[in-house]
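What follows is a set of notes on a single structure, which appears directly below.
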Amino acid sequence: MADDAESDVAALSFEDALKRLEAIVSRLESGDASLEESIKLYGEGDQLRRQCEKRLADAQARIEKITLGQDGRPQSVQPFDGG
């Protein structure tokens, strides 16, 4: 069952995962969820958080910095340096 939940989360787009995570946070902050529901929501939220972080890290790894020549035209690309 945990594998099914993880594959469901992995199938979500970044935007859909983030929306679901926001809905979970809202539900937990409302205080209306039972303890059992809160525990389940927390677990799902943790999976979504990890998936979103992975997708962001993957996207950052693909970003390239475009360097311009003296004439202002693109000259080359370099890996993104997040620092």
**OP:** Count charges around Pro74 for me, please; just the other residues with Cβ under 14 Å from its Cβ, Lys/Arg as +1, Asp/Glu as -1.
**Re:** 0
Original post:
Ignoring ligands, DNA and RNA, what accessible area per residue does the chain give at 1.4 Å, in Å²?
Top reply: 79
Subject >> Accessible area of the chain belonging to carbon and sulfur atoms, whole % at 1.4 Å probe >> reply: 52
**OP:** At 7 Å along the Cα-to-beta-carbon direction for both Ser38 and Leu18, put a label point, then send me their distance in nm to one decimal.
**Re:** 2.8
Original post:
Ordered by residue, what ³J(HN,Hα) values in Hz, to whole numbers, does segment 45-61 give under the Karplus form 6.51 cos²θ - 1.76 cosθ + 1.60, where θ = phi - 60° and Gly and Pro are x?
Top reply: x, 5, 4, 5, 4, 4, 5, 5, 4, 5, 4, 5, 5, 5, 5, 5, 5
Original post:
In degrees from 0 to 90, rounded to the nearest 10, what is the angle of the helix 2-11 Cα long axis to the longest principal axis of the chain?
Top reply: 40
Original post:
So for the chain, what are the equivalent ellipsoid semi-axes in whole Å, largest first, each being the square root of 5 times an eigenvalue of the Cα gyration tensor?
Top reply: 39, 14, 9
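The values are calculated or read from the model by the stated rules, or taken from the named source; none is laboratory data. All values derive from a computational prediction rather than experimental measurement. Virtual Cβ from ideal backbone geometry, glycine too; neighbours counted across all protein chains shown. Remember, those area values only see protein heavy atoms, side chains included, never the ligands or the DNA or RNA. Shrake-Rupley method; radii C 1.70, N 1.55, O 1.52, S 1.80 Å.
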